[in-house]
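Engineer: Dropping the structure in here first, questions after.
None of the figures in this text is laboratory data; all of them are computed from the coordinates on show. Owing to the predicted nature of the structure, the values given are computational and were not obtained by experimental measurement. Here the Cβ is made from the backbone with ideal geometry for all residues, glycine too, and neighbour counts use every protein chain on show.
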Ligand SMILES: [Zn+2]
């Protein structure tokens, strides 16, 4: 089990958190004008990197706050935790 350093509560076991999928997925500004291919991409297409992955997490059994982090999908080592409304640090772009 990994441990996650919640920005508000500190280090806690993974079981207190909910994984929210890939971070930085932007909803199209005007969905009525988006074609099926772009809408499908928004809904379903996600990265599946071997290495650093930017993810959303929620401390569901704690402060209930969402935040982003960068986790290595092989080692599960977390290299960065940052607010949900900020861009990823440079280290999260290794796989793009
Ligand atoms: Zn928390």
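Engineer: Condition first: farther than 16 Å from residue 15 by Cβ and either in contact with a helix residue (DSSP H, G or I) (Cβ under 8 Å, 6 or more places away or on another chain) or loosely packed, with under 15 Cβ neighbours inside 10 Å (or both). Now tell me which residues in the stretch 55-72 satisfy that.
Structural biologist: Hit for the stretch 55-72 is 70, nothing else.
Engineer: Select from the stretch 1-14 the residues that are assigned to a strand (DSSP E or B) and in contact with a helix residue (DSSP H, G or I) (Cβ under 9 Å, 6 or more places away or on another chain) and write down the one among them that is farthest from the ligand (Cβ to nearest atom).
Structural biologist: Taking the stretch 1-14 first, the residues assigned to a strand (DSSP E or B) are 3-6, 10-13.
Imposing the further condition that a residue be in contact with a helix residue (DSSP H, G or I) (Cβ under 9 Å, 6 or more places away or on another chain) reduces the set to 3-4, 6.
Working: 3: 12, 4: 9, 6: 3 Å.
Looking at the filtered set, the residue picked out is 3.
Engineer: Right, next: For residue 82, only one of the following conditions fails: (1) surrounded by 15 or more Cβ atoms within 10 Å (Cβ to Cβ); (2) away from the ligand (no atom under 16 Å from the Cβ). What is its number?
Structural biologist: Only one criterion is unmet by residue 82, namely (2).
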